[in-house]
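**Q** One structure, as structure tokens, below. Some questions next.
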Amino acid sequence: MNVNLEKLVDLFLLKHGTSTDPINIFFAPGRVNLIGEHTDYNYGVVLPCAINYGTFLLARINHTNKIRLSTTNFRYSTTVTIDNSFQPHSNEWVNYPLGVFNEFFKMGISIPALDLLYSGNIPSGAGLSSSASIEMITAFAINDISALNLGMIDLIKMSQRAENSFVGVNCGIMDQFAVGVGQRDHAILLDCKTLEYEQVAINFTDYILIVANTNKKRKLSDSKYNERVLECNKALNILKKYAPIQALGDLSVDDFEQYKTNIEDDILRKRVAHVVYENERVRQATEALKSNDLSSFGLLMYDSHSSLRENYEVTGYELDSLVEAALAQKGVLGSRMTGAGFGGCTVNLVHQSHAEEFLLNVEQVYYRKTGLMPDFYQIEISGGVRRYS
Ligand code: GLA
């Protein structure tokens, strides 16, 4: 990751002055989801990995009763007083750290007075979990500096709750989980119900992961994300009358085929079809990865995208155009949207010898169709949140 840490430290000193207290530096990655979309809040399975784009946080105790926060990503700084509880703020960015502070309060833990400087290179609103990265790095830093000894799963759950209650997005646990437990060259097969997970070794041999950004702006809390969560709950309540399930993730393909006619609403039936078959695809994709069958893996990526387009209806013209442009190129095994959808990014499995023409051609085709220039990031699968120095 191309961040000049010396410059960041200089900036921190410029803002906050020198002190005998150490500046603690932490790093939290973003994530890309390989497959398993909109299954996490249905307690199904997902297969994300942490990436080499992320957030740095410089943190130092300031011996006041205030927390001073700033970011290099845009011109913003603010100071909050540590008293009882924090309230959601009109600045969206600051709600990610504030939401996490509030979770510590709710657990009866008083947080230390800190100067905090955030700096990240995950494009925001692109579906690569810049928000989970900020939440997790905040939780991790406080846990570390105050030697609270909370486990990683606790930090993950707190961060998810912060996003649910402070930001107002009823997200599942996938993003925070991937940011927390990511490992270099491994994808995480996570069962979102039991939180059991397996690190699945990734060996793409001559293929690389290229993430392409539609650059269509979206805001998760404004989007139809919460609407999809509600639709799934409605469908679940119908199905519960017929099948012994607690979540859509409990529904097997056979059960779904048996009970689906009980869901009279076509739209709700399509939503469930997506969730049930997507869970199946995650399992098959994991097997394909384990047996180095990249062609099958790529086909599953595309099936996932089709289902997100047809059944879950979270893609849209830009994402669909980007996927179609990618699949028309030589050396491409798979392409799909990643994250919540409604804009954001696609993830593509591309043979490295074709990478250069991929970038040129996809850019041209996509621009011609949408009038937008895409951005591309070559992704490396890397480790989870950690102390940097
Ligand atoms: C967002 C949410 C996740 C997950 C994905 C869709 O990234 O934060 O919890 O639901 O969308 O798979």
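We did not get these values from a lab; they are worked out from the coordinates using the rules stated. Keep in mind that this is a model prediction, so the values were computed, not measured. Cβ sites come from the backbone with ideal geometry, for glycine too, and all protein chains shown count toward neighbours.
**Q** With viscosity set to 0.890 mPa s at 25 °C, what whole-number translational diffusion coefficient in µm²/s follows for the chain from Stokes-Einstein and a Kirkwood radius over Cα pairs?
**A** The estimated diffusion coefficient comes to 114 µm²/s.
**Q** Continuing with the same structure: Of VAL179, VAL94, VAL347, which is the most mobile in a GNM of the chain whose springs link Cα atoms less than 10 angstrom apart?
**A** Maximum among the listed residues: VAL94.
**Q** Distance between Cα centroids, region 86-151 to region 350-389: provide it in whole Å.
**A** The distance from the Cα centre of region 86-151 to that of region 350-389 comes to 28 Å.
**Q** Now, a different point. For a footprinting-style exposure proxy, rank SER223, SER131 by other Cβ within 10 Å, fewest first.
**A** Details: SER223 18, SER131 29.
Going from sparsest to densest Cβ surroundings: SER223, SER131.
**Q** Test of understanding: ordering VAL275, VAL229 by Cβ neighbours within 10 Å, fewest first, what list do you get? Could the numbers behind the result be given before it?
**A** Values: VAL275 28, VAL229 16.
Arranged by neighbour count, lowest to highest, VAL275, VAL229 become VAL229, VAL275.
**Q** Then there's this: Can you tell which of VAL385, GLY316, VAL347 lies farthest toward the positive end of the dipole of region 290-389, using +1 and -1 charges on the Cβ of basic and acidic side chains (Lys, Arg; Asp, Glu)?
**A** The Cα lying farthest towards the positive end belongs to VAL385.
**Q** Below 8 Å, C-alpha to C-alpha, sequence gap of six or more: please give me the relative contact order for region 202-379 in percent.
**A** Numbers: 258 pairs, mean separation 61.2, N = 178.
That works out to 34 percent.
**Q** On to the next question. If you plug each phi of region 21-37 into the Karplus form 6.51 cos²θ - 1.76 cosθ + 1.60 with θ = phi - 60°, what whole-Hz ³J(HN,Hα) values come out, in order, with x for Gly and Pro?
**A** Coupling constants for region 21-37: 6, x, 8, 8, 10, 10, 9, 10, x, x, 9, 10, 8, 6, 6, x, 9 Hz.
**Q** Between rounded, prolate and oblate, where does region 177-247 land on the alpha carbon gyration tensor, with a ≥ b ≥ c its root eigenvalues, rounded for a/c under 1.5, else prolate if a/b exceeds b/c?
**A** oblate
**Q** If you don't mind, another one. Going by alpha carbons, how many degrees (0 to 90, nearest 10) lie between the helix axis of 130-145 and the longest principal axis of the chain?
**A** In the chain, helix 130-145 runs at an angle near 40 degrees to the longest axis.
**Q** What is the diffusion coefficient of region 213-253 in µm²/s, taking the Kirkwood radius over Cα pairs and the Stokes-Einstein relation at 10 °C with a viscosity of 1.306 mPa s? Each step should come with its number before you reach the end.
**A** Working: Rh = 12.2 Å.
Value of D from the Cα-based Kirkwood radius: 130 µm²/s.
**Q** Right, next: Under 20 Å between alpha carbons, and skipping anything fewer than 8 positions from LYS217 in its own chain: which lysines qualify?
**A** LYS369
**Q** What dipole magnitude, in Debye to the nearest 20, does the chain give about its Cα centre under +1 on Lys/Arg Cβ and -1 on Asp/Glu Cβ?
**A** Using Cβ point charges on Lys, Arg, Asp and Glu, the chain gives about 880 debye.
**Q** Output wanted: per-residue J couplings in Hz (rounded whole) for region 361-374, from phi through Karplus 6.51 cos²θ - 1.76 cosθ + 1.60, θ = phi - 60°, x for Gly and Pro.
**A** 5, 5, 4, 4, 4, 5, 5, 4, 7, 10, x, 10, 8, x
**Q** Tell me which lysines have Cα within less than 16 Å of LYS66's Cα, excluding those fewer than 8 residues away on the same chain?
**A** Cα-Cα hits under 16 Å: LYS15.
**Q** Right, something else. Label region 1-107 by shape, choosing from rounded, prolate and oblate, from the square roots a ≥ b ≥ c of the eigenvalues of the Cα gyration tensor; if a/c is under 1.5 it is rounded, and otherwise prolate applies when a/b is larger than b/c, oblate when it is not.
**A** Oblate, because a/c is 1.5 or more while a/b does not exceed b/c.
**Q** For the chain, take the longest principal axis of its alpha carbons; what is the angle in degrees between that and the long axis of helix 266-290, to the nearest 10 within 0 to 90?
**A** 80
**Q** Amide H to amide H under 5 Å from ARG336: which residues, 5+ apart in sequence or cross-chain, H placed 1.01 Å off N in plane?
**A** Counting only residues 5 or more places away or on other chains, the set is VAL347.
**Q** Something else now. Using the Karplus curve 6.51 cos²θ - 1.76 cosθ + 1.60 with θ = phi - 60°, what ³J(HN,Hα) values do you get for each residue of region 336-344, in whole Hz, with x for Gly and Pro?
**A** Listing the rounded values in order: 7, 5, 10, x, 6, x, 6, x, x Hz.
**Q** Let me ask another. Just want the ordering: LEU14, LEU58, LEU308, LEU372, from fewest to most Cβ atoms lying within 10 Å of their own Cβ.
**A** Lowest count first: LEU14, LEU372, LEU308, LEU58.
**Q** Quick check: the distance between the Cα centres of region 1-53 and region 164-187, to the nearest angstrom?
**A** Cα centroid of region 1-53 versus Cα centroid of region 164-187: 12 Å apart.
**Q** Would you pull out the residues with amide H under 5 Å of ASP375's amide H, same chain only if 5 or more places away, H placed 1.01 Å from N?
**A** Placed amide hydrogens put ASN213, ASN215 under 5 Å from ASP375.
**Q** Another question, then. Which cross-chain or sequence-distant (5 or more) residues have an amide H under 5 Å from the amide H of ILE111, H modelled 1.01 Å from N in plane?
**A** none
**Q** Additional query: Relative contact order of region 5-200, please, whole-number percent, based on alpha carbon pairs below 8 angstrom and at least 6 residues apart. Walk me through the intermediate numbers first.
**A** Numbers: 368 pairs, mean separation 53.8, N = 196.
Dividing the mean separation by the residue count of region 5-200 yields 27 percent.
**Q** Here's a follow-up. For region 5-200, what does the convex hull of the Cα positions come to per residue, in cubic angstrom?
**A** With only Cα atoms used, region 5-200 gives 117 Å³ per residue.
**Q** Further question: Name the shape class, rounded, prolate or oblate, that the alpha-carbon gyration tensor gives for region 202-379, where a ≥ b ≥ c are the square roots of its eigenvalues, rounded holds for a/c under 1.5, and otherwise prolate holds if a/b is larger than b/c and oblate otherwise.
**A** It comes out oblate by the Cα gyration axes.
**Q** Just to be sure I follow the rule: in region 224-321, considering lysines 8 or more places apart or on different chains, how many pairs have Cα atoms under 14 Å apart? If you can, show how the numbers build up before the last one.
**A** Numbers: LYS234/LYS260; LYS234/LYS270; LYS240/LYS260; LYS241/LYS260; LYS260/LYS270.
The result is 5.
**Q** Less than 20 Å apart at the alpha-carbon level, and either on another chain or at least 8 residues along: which aspartates and glutamates does that give for LYS330?
**A** Cα-Cα hits under 20 Å: ASP206, ASP293, ASP303, ASP320, GLU356, GLU357, GLU363, ASP375.
**Q** While we're on this one: Defining a contact as two alpha carbons under 8 Å apart and six or more residues distant in sequence, what relative contact order in percent does the chain show?
**A** Across the chain, relative contact order equals 24 percent.
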